[in-house]
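**Student:** One structure follows; several queries about it will come next.
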Amino acid sequence: MEKIIRYSSFMKFINFTVVVVISSFIVISCGKGKNDQNDSDFFSFDKSKLGIEVVDQELGIKFNPPINWELRQTSISKKVESRDASNPNDHFVYEPTYVFFDNSTGGLLSVGKVVTSDTTLAKSARLNYYKGVISTKNKNDKLTSSNFIHYKIYFSQFILEKQNLISYKLVFENTAGQIIQFDYTIPAGNLETAQPLIKSSIGSIIPQ
């Protein structure tokens, strides 16, 4: 029994290493030519582009959605990001707490926690593993990955272009070590209008 447990732990380590290596390769590949990025490439501080302030103790953050993006009932179902399709207990689940929608541009923002049912995965490794899942799952799409620091939060940003939609996905850990995700999605034709609003919203994210 001890040998089986040790073998399982060894395979878990090997799988984690493979995902992290693949994730790092994709981040490096997607980041070529963008090493000179400034903070303004990721966020801004224009309060005129912000909506209501949201303070959530459970998520451990406060933030503002883009202006005119109205709060809706959380109608988005939980989203499963699986690491192993053959094991239903081995996956991450994104649970939206807030959903904001903009009628004029079709923009959508969801905010919530990412949790995992895998108790064997070390807490310190969960965020990197989840980022690896995002990268590998979307490796055949147009994906750009970047990292930046704002208000002492270490953000990982994934920009995904798929069909006629562009998604800005931000993942980070709150002060309690929980994974938080912001997902801004906008029709590609409205990106020029919505992008300054999204950057201002990102700039409003502050830990509680």
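**Student:** Taking into account only those residues within segment 126-165 that are in contact with a Pro (Cβ under 8 Å, 6 or more places away or on another chain) and over 19 Å from Glu81 (Cβ atoms), which is surrounded by the most Cβ atoms within 10 Å (Cβ to Cβ)? Let's see the steps before the verdict.
**Tutor:** Here is the first cut: in segment 126-165, the residues in contact with a Pro (Cβ under 8 Å, 6 or more places away or on another chain) are 151-153, 164-165.
Of the ones still in play, those that are also over 19 Å from Glu81 (Cβ atoms) are 151-153, 164.
Values: Tyr151: 12, Lys152: 8, Ile153: 17, Asn164: 8.
Taking the candidates together, the pick is Ile153.
**Student:** Then there's this: Which of the numbered conditions does Ser117 fail, given that it passes all the others? Conditions: (1) under 20 Å from Val80 (Cβ atoms); (2) in contact with a strand residue (DSSP E or B) (Cβ under 6 Å, 6 or more places away or on another chain).
**Tutor:** (2)
**Student:** Now, a different point. Can you spot a residue in segment 56-63 that is at pLDDT below 95 and farther than 18 Å from Lys169 by Cα? I'd like the intermediate steps shown before the answer.
**Tutor:** From segment 56-63, those at pLDDT below 95 are none; that's our starting set.
No, segment 56-63 has no match at all.
**Student:** Find all pairs meeting these conditions: Cβ atoms under 6 angstrom apart; at least six residues apart or on different chains; first residue within segment 62-75 and free of Cβ contacts under 8 Å to residues at least 60 places away in the same chain; second residue part of a loop (DSSP other than H, G, I, E, B) and among the charged types (D, E, K, R).
**Tutor:** Asn68/Asp102
**Student:** Among the residues of segment 111-140 satisfying the criterion of being part of a loop (DSSP other than H, G, I, E, B) and in contact (Cβ under 8 Å) with a residue 12 or more places away in the chain, which is farthest from the chain's Cα centre (by Cα)?
**Tutor:** Thr120
**Student:** Shifting gears a bit: Looking at Ser44, Ser104, which one is in contact with a helix residue (DSSP H, G or I) (Cβ under 6 Å, 6 or more places away or on another chain), small (Gly, Ala, Ser), at pLDDT 75 or above and part of a loop (DSSP other than H, G, I, E, B)? Give the derivation first.
**Tutor:** Values: Ser104 fails: in contact with a helix residue (DSSP H, G or I) (Cβ under 6 Å, 6 or more places away or on another chain).
It is Ser44.
**Student:** Please verify whether Gly177 is outside any strand (DSSP E or B), touching a residue at least 40 places away in the same chain (Cβ under 8 Å) and crowded, with 19+ Cβ neighbours inside 10 Å, treating the condition exactly as stated.
**Tutor:** No.
**Student:** Scan (1) surrounded by fewer than 20 Cβ atoms within 10 Å (Cβ to Cβ); (2) part of a helix (DSSP H, G or I) for the single condition Ser201 breaks and write down its number.
**Tutor:** (1)
**Student:** Can you tell me which residues in segment 64-91 are in a strand (DSSP E or B), at pLDDT 90 or above and either in contact with a Cys (Cβ under 7 Å, 6 or more places away or on another chain) or farther than 17 Å from Ser167 by Cα (or both)?
**Tutor:** Glu70, Leu71, Arg72
**Student:** Still on this structure, please answer the following. Can you pull out the residues in segment 182-198 that are outside any helix (DSSP H, G or I), buried (at least 21 other Cβ atoms within 10 Å of the Cβ) and out of contact with any helix residue (DSSP H, G or I) (no Cβ under 8 Å at 6 or more places or on another chain)?
**Tutor:** Answer for segment 182-198, where residues must be outside any helix (DSSP H, G or I), buried (at least 21 other Cβ atoms within 10 Å of the Cβ) and out of contact with any helix residue (DSSP H, G or I) (no Cβ under 8 Å at 6 or more places or on another chain): just Asp183.
The values are calculated or read from the model by the stated rules, or taken from the named source; none is laboratory data. All figures in this text were calculated on a predicted structure; none of them were measured in a lab. Cβ sites come from the backbone with ideal geometry, for glycine too, and all protein chains shown count toward neighbours.
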